[in-house]
Structure formats: structure tokens, C-alpha cells
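The structure under discussion appears below in the form of C-alpha cells.
The values are calculated or read from the model by the stated rules, or taken from the named source; none is laboratory data. Not measured: the values here are computed from a predicted model. When we count neighbours, we look across all protein chains shown, and the Cβ atoms used for this are built from the backbone with ideal geometry, even at glycine.
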Amino acid sequence: MGNVSLWRKGDFAASFGLFVNVLTDFLVMISLLIAVVGMPKEFVFKQIVPGFGFAVLLSGIMFAYFAYKLAKKTGRTNITALPSGSSSPGIFLIVFVIMLPLYHQTQDAAFTTKVAIMWCFVEAAILIIGAFLGETIRKLVPRTVLLAALAGLAFVFLGMNPMLQSFEMPVVAFVAIIIIFMNWLSKHPVFKKVPTGLLLILVGTAIAWIAGYQNPADVTEALKSFGFNPPMLHLNGFGDSFNAALPYLLTAVPLGLSNYIFNLENVEAAAVCGDEYKTRDVMLTNGICSAIGGLCGNPFPVTVYVGHAGWKEVGAGLGYSIASSSAIFLLSIFSLMGLLLAVVPIAAIVPMLVFIAIVTGHQVVKESPKFEAPAIFVCFFPWVATWALTAVNNALSAAGMTVGNGADQVSSHALHNAGLFYDGLVALGNGAPITSVIWGCIAVFTIRNTPIGGIIAAVLGAILTFVGAIHTSTLGLAQDIAMPFVWGYLLMAAFLAYKLYVNKKDNIGPVTE
């Protein structure tokens, strides 16, 4: 590969960190399909899992290739490949909105999966079509907003859950956390000869086995699922499932848009670190790899993963992208996901994800103009709401309850009286990737005293709410629940229009510092 190094010292830690990130989503997906939806274990491991592993492998190799091309073009040796993985919100949406109800109706795993795959194709199409608009949108949306929206996602989904997992096994996790602080946050690392990622895994695993957290019986049990299931094309019956898929295909649009924005944010975050990737190439890769995964029986789309800045900080290059995606692929075709976690405790590895969340948050603070800093926190609110909404719904579901007014239901009024504003959580949490960017834009353009940008963002918020893409759980025109938000956005636009008038009348210009 000429003078471009395929493997750098930091690739080892990054390989494990990214691998665990994707593996966590992967295990959640498998457990939801088997334990919640009720699909046969054999079907999940033979059809869905290999297709998913293959899609991740393809995108990982492509992202490494883009990094290689960029290194050749710029002559730089410190290029870091974009991380690749699954769309976490996509997993929950596809499982709960499509696969769970459909499988309960039909008890047909193959038919249910085909309907979900058609949904994945719509998602892929949005990325492929949108690939040609990406650069324009990146120029229009302020950098602070793109980075802050990404930091909000990283903080709650990448940082919060691993931190909670760490506090469930402090004897193992605290050691991993302090090694990370000493080696990656401090300028004077310890045990310099051993790659930090390897150190974390060795020390954490040793402590977990000595303390009795890991069970040898789990290793034996995990080996039972071992088998060879290569990805195969599953093309029969798509025509038959099209009519059944139609009602669900609309729900792919908001997630497709969210995934699209998520890709934009990650490309921007990489550009800030000096790795300027072509938005079109990245989007096309994710769209095409998701579609190929679908043809191989996997309904879950792939996307750019959050964390480029963190992996760059630990010195990763392009090898980690190939290594982590290859490991996911091998585990998927041999059904060995459970074996890995039976040997290595999750608490030894998840602190790496906490580190990525910290670095992603630090990046936006470091790269944004100081006077725009308040907008960073505005972008966080929708992400905190969507995390809390997921936690509350999962907790109620575990107790066999939902929110409503029937038997086995708790009313939102009762939750409100207990200090939990559930209706607000639903409204702010639904469509968080889009809402985060819209509110960030309104805040930044107001801070900059360029009201026209805020007016456009507020009107866009009204339109997206009117069609049900944000603030509601379902798509639909002018829903009763959505209309107060539509009027709210239009009133914001009206106030900003008045500000625009005052600026022109008094000849007040934009604020730049």
C-alpha cells in the first residue's frame, strides 16, 4: 500500500472499541428478535445474522479504502477511517414497529423479515438519493449544530448506558476507566509498551474471573450455538410481501432522514479532525451496503458510527475499520457472539465507549466559537428526552405495562402527578436527530443575529411536524397532537421575522464573536 500504513499502534484499541460498540447493538438485535418477537433461534442465526455481518464487513472495507485514498491524496500518515456499524434507533424501530406486530399476526419468520427488508430498502434509497445533496446541506447547517447534535447522541446513547453498566460491576469497570483516564486523557500514559485496548481486556477479564463474575458454564452453553452460516441471497417472495409492507414503508421516511442527518454529522466531525471525506461517497456506501445486507436476509441498515474523533485521538488509522468489521463478520457466520461475552466481561470493554462520548463532547466545545456555546446544550435536550423515553417505556414493558387508560396501563396523567412529564418526553423524544438540528439552528442563527436562518429552521420544523416526522409517534397529516407544535413553530418564525424587520430598520448587522 505504498507509504500508507495499513496498521498503526492505535488500531488495536480502536478495533476492540468499535467492535464492542457494534457487537452490543448486534446482541440487542438478536435478543429482541428471539426473546421479544419470538422468532426461531435457528432462523435468526442462519438468515438475519450473517446478512448483517456481511453488510458491516462491506462498509468497513469501503471506509478503510476511502481512508487509504485520502492518505494517498494528501500525503498524510495520520488519516483515520470512519467507523461503521448499525443504526441503533433503526434496530428498535424495525423490531417494535414492524417485526413484532407482523410476526404475532402471521407466525411466519421469513415473511415478516421480507417486509422489514423492504423497509430497509426505502431507508437505503433515502441515503442514495440524498447522497447528492449532502455537501449542500453541510454548507447550510452551522458546524456547531452538526457537532453538537452528534455530541448529544454520543453522550446519552454511547456514554450513559455504558456508564450505568460500569456502575453495575465497579470492581472491573473502575479499573478500566482509570486506565483510560491515565492513558488516553492524560499526556503521560502508564504501561507504554502494551496497547491500551489490550491492557483493558487482559486486566478486566482477569479481575472478572478472579472475582467470580464470569461463569465457566456460560462458555460451554455459548459453544452450543456454533455452526457455519455464510450469507446467502434471499430473493424469493419480495413481490408477495409488497402489499403487506406498504403500511410500514412510511415509517422508514423519518428514520431515513434521521440516519441521513446522522451521516452528515459524522462526516462533518471527521472533517473537523482534518479527515475531509466526500459526503456522497459515504452516503452511497451506507445505502448500497444496507441494500446488499437486505438482499442477504438482513433488515437492519448500516451507518457511519459515532466516534471518529475518539479513535483518532487513540491513534487509529485504517486497519481498525477492517479488523473490527471482519471480526463482526466472522462471529456472525459462526454464531459466536455469546462465546465472546462468556469469556470477556462487558464491563471491561464498555468504558471505551464512555471515552468516545467524552471526546465527541469535547470536540464540539473545542471547535465551536465561544459565543455559540449555548446552542450546544439546546441540541442535547431532544437526545436526553429520547433516551429517557426509551428507558421509561422499557421499564414499563418489563413490568407488563404500557401508557394508556386501560387495564395493565398507567395514564400519562398519573405519571405527570409523579413528576414525570411523559407527554413532553414523547413530543421532544420523537424525531430527536432532526429536532436536535432544527432547534440548534434556531438557537445559533438567533445568537448570530441572522434571523432569516432561524425563520427557515422554524418553518421547516412546522412542516416536518405537520406531516408527523417529528414530535409524534406516527406519520400523518395535521394530527391533533401535532398541531400545537406547528403553531408554536410558526409563532417562533413570526417573532424572528419581526427581529429581521428591526435589524433592517435600525441597520443592525450579524454578530460574529
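Would you say Val203 is touching a residue at least 12 places away in the same chain (Cβ under 8 Å), surrounded by 13 or more Cβ atoms within 10 Å (Cβ to Cβ) and not assigned by TED's automatic domain parsing to the domain that holds Val359? Yes: the conditions hold for Val203.
Cβ separations smaller than 8 Å between residues 6+ apart or across chains give the following pairs from the range 408-427 residues that are in contact (Cβ under 8 Å) with a residue 24 or more places away in the chain and in a helix (DSSP H, G or I) to residues that are surrounded by 13 or more Cβ atoms within 10 Å (Cβ to Cβ) and of a type in the set (Phe, Trp, Tyr): Ala427/Phe485. Quick check on the range 137-152. Is at least one of its residues of a type in the set (Gly, Ala, Ser), over 18 Å from the mean Cα position of the chain (by Cα) and buried (at least 19 other Cβ atoms within 10 Å of the Cβ)? No, there is no match, as no residue in the range 137-152 is of a type in the set (Gly, Ala, Ser), over 18 Å from the mean Cα position of the chain (by Cα) and buried (at least 19 other Cβ atoms within 10 Å of the Cβ). Of Ala347, Ala375, all but one fail to be surrounded by 22 or more Cβ atoms within 10 Å (Cβ to Cβ), of a type in the set (A, V, I, L, M, F, W, C), in contact (Cβ under 8 Å) with a residue 12 or more places away in the chain and in the same structural domain as His471 (by TED's automatic domain parsing); the exception is Ala375. Would you call Lys46 buried (at least 24 other Cβ atoms within 10 Å of the Cβ), of a type in the set (Lys, Arg) and at pLDDT below 90? So Lys46 fails the test.
Residue-wise test of (1) over 18 Å from Leu284 (Cβ atoms); (2) out of contact with any strand residue (DSSP E or B) (no Cβ under 9 Å at 6 or more places or on another chain); (3) among the hydrophobic types (A, V, I, L, M, F, W, C); (4) touching a residue at least 40 places away in the same chain (Cβ under 8 Å).
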{"site": "Ser84", "(1), (2), (3), (4)": "no, no, no, yes"}
{"site": "Ile94", "(1), (2), (3), (4)": "yes, yes, yes, yes"}
{"site": "Val97", "(1), (2), (3), (4)": "yes, yes, yes, yes"}
{"site": "Tyr103", "(1), (2), (3), (4)": "yes, yes, no, yes"}
{"site": "Val115", "(1), (2), (3), (4)": "yes, yes, yes, yes"}
{"site": "Cys120", "(1), (2), (3), (4)": "no, yes, yes, yes"}
{"site": "Glu123", "(1), (2), (3), (4)": "no, yes, no, yes"}
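As for the range 331-352, it holds at least one residue that is hydroxyl-bearing (Ser, Thr, Tyr), in a helix (DSSP H, G or I) and in contact with a Pro (Cβ under 8 Å, 6 or more places away or on another chain). Could you tell me whether Leu199 is in contact with a helix residue (DSSP H, G or I) (Cβ under 7 Å, 6 or more places away or on another chain), within 30 Å of His362 (Cα to Cα), modelled with pLDDT of 75 or more and outside any loop (DSSP other than H, G, I, E, B)? Spelling it out, Leu199 is indeed in contact with a helix residue (DSSP H, G or I) (Cβ under 7 Å, 6 or more places away or on another chain), within 30 Å of His362 (Cα to Cα), modelled with pLDDT of 75 or more and outside any loop (DSSP other than H, G, I, E, B).
Residues considered: Asn161, Asn243, Asn183, Asn236. Of these, the only one that is surrounded by fewer than 12 Cβ atoms within 10 Å (Cβ to Cβ) and in a helix (DSSP H, G or I) is Asn243. When Met169 is evaluated against the numbered criteria (1) of a type outside the set (Ser, Thr, Tyr); (2) under 24 Å from Ala316 (Cβ atoms); (3) modelled with pLDDT of 85 or more; (4) surrounded by 20 or more Cβ atoms within 10 Å (Cβ to Cβ), which criterion, by number, is the only one it fails? Just one mismatch for Met169, condition (2).
Among the conditions (1) without any contact (Cβ under 8 Å) to a residue 60 or more places away in the chain; (2) under 23 Å from the mean Cα position of the chain (by Cα), Glu42 misses just one, which is (2). Scanning the range 131-150 for residues that are of a type in the set (Lys, Arg) and touching a residue at least 12 places away in the same chain (Cβ under 8 Å) yields Arg138, Arg143. Each residue in the range 290-309 was checked for being within 28 Å of Gln47 (Cβ to Cβ), surrounded by 22 or more Cβ atoms within 10 Å (Cβ to Cβ) and out of contact with any Gly (no Cβ under 9 Å at 6 or more places or on another chain), and 1 pass.
Of all residues in the range 479-501, those that are more than 29 Å from the chain's Cα centre (by Cα) and modelled with pLDDT under 95 total 1.
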